[in-house]
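The values are calculated or read from the model by the stated rules, or taken from the named source; none is laboratory data. This is a predicted model, so every value here is computed, not measured. FYI the Cβ positions are ideal-geometry reconstructions off the backbone, even for glycines, and counts take in every protein chain you see.
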Amino acid sequence: MLELYYYPDNASFAPHLLLAETHADYTLRLVDRNSNAQKSEEYLKLNPAGRIPTLVDGDLVLFESPAICIYICELDAGSTFIPPLGHPNRPLFF
Ligand SMILES: N[C@@H](CCC(=O)N[C@@H](CS)C(=O)NCC(=O)O)C(=O)O
């Protein structure tokens, strides 16, 4: 089960969209920016940058939304979200 630490309409939006579009098994964990929860001691243990989003997959903790997006796409076997290596559209994905 993937866990996405998110806040609505933030940088977590693209990872959230991809989780939904790839029908991943995930759960959302709200990081309440209104109370500055992204700077809480607990959250900083996951993401020392104190930024949203963070993705947790077992022992793997990922932050930086582009890295999270690539990871989600690569989890999706046969995904059409990432053009294959050598495809002319591959550089455009990044
Ligand atoms: N480069 C990071 C940027 C993340 C980022 O700046 N997130 C904002 C929300 S859109 C945030 O957490 N801001 C709260 C803060 O900086 O305290 C990424 O793409 O994941």
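What pairs come out if I take residues in region 56-80 that are over 16 Å from His23 (Cβ atoms) and touching a residue at least 40 places away in the same chain (Cβ under 8 Å) and pair them with residues that are in a strand (DSSP E or B) and of a type in the set (Ser, Thr, Tyr) whose C-beta lies under 9 Å away, six or more apart or interchain?
From region 56-80, the pairs are Val56/Tyr5; Ile68/Thr54.
Checking the structure you have, find out if any residue of region 74-93 is part of a strand (DSSP E or B) and at negative phi.
Among the residues of region 74-93, not one is part of a strand (DSSP E or B) and at negative phi, which makes the answer no.
Among the listed residues Leu2, Leu30, Leu92, identify the single one that is more than 14 Å from the ligand (Cβ to nearest atom), hydrophobic (A, V, I, L, M, F, W, C) and in contact with a strand residue (DSSP E or B) (Cβ under 9 Å, 6 or more places away or on another chain).
Leu2
Limited to region 56-73, what total is found for residues that are part of a helix (DSSP H, G or I) and either touching a helix residue (DSSP H, G or I) at 6+ places or on another chain (Cβ under 8 Å) or surrounded by fewer than 16 Cβ atoms within 10 Å (Cβ to Cβ) (or both)?
Of the residues in that region, 7 qualify.
For Glu21, are the conditions met, namely being within 22 Å of Phe94 (Cβ to Cβ), away from the ligand (no atom under 14 Å from the Cβ) and either at pLDDT 95 or above or surrounded by 12 or more Cβ atoms within 10 Å (Cβ to Cβ) (or both)?
Considered against the rule, which asks whether it is within 22 Å of Phe94 (Cβ to Cβ), away from the ligand (no atom under 14 Å from the Cβ) and either at pLDDT 95 or above or surrounded by 12 or more Cβ atoms within 10 Å (Cβ to Cβ) (or both), Glu21 comes out as yes.
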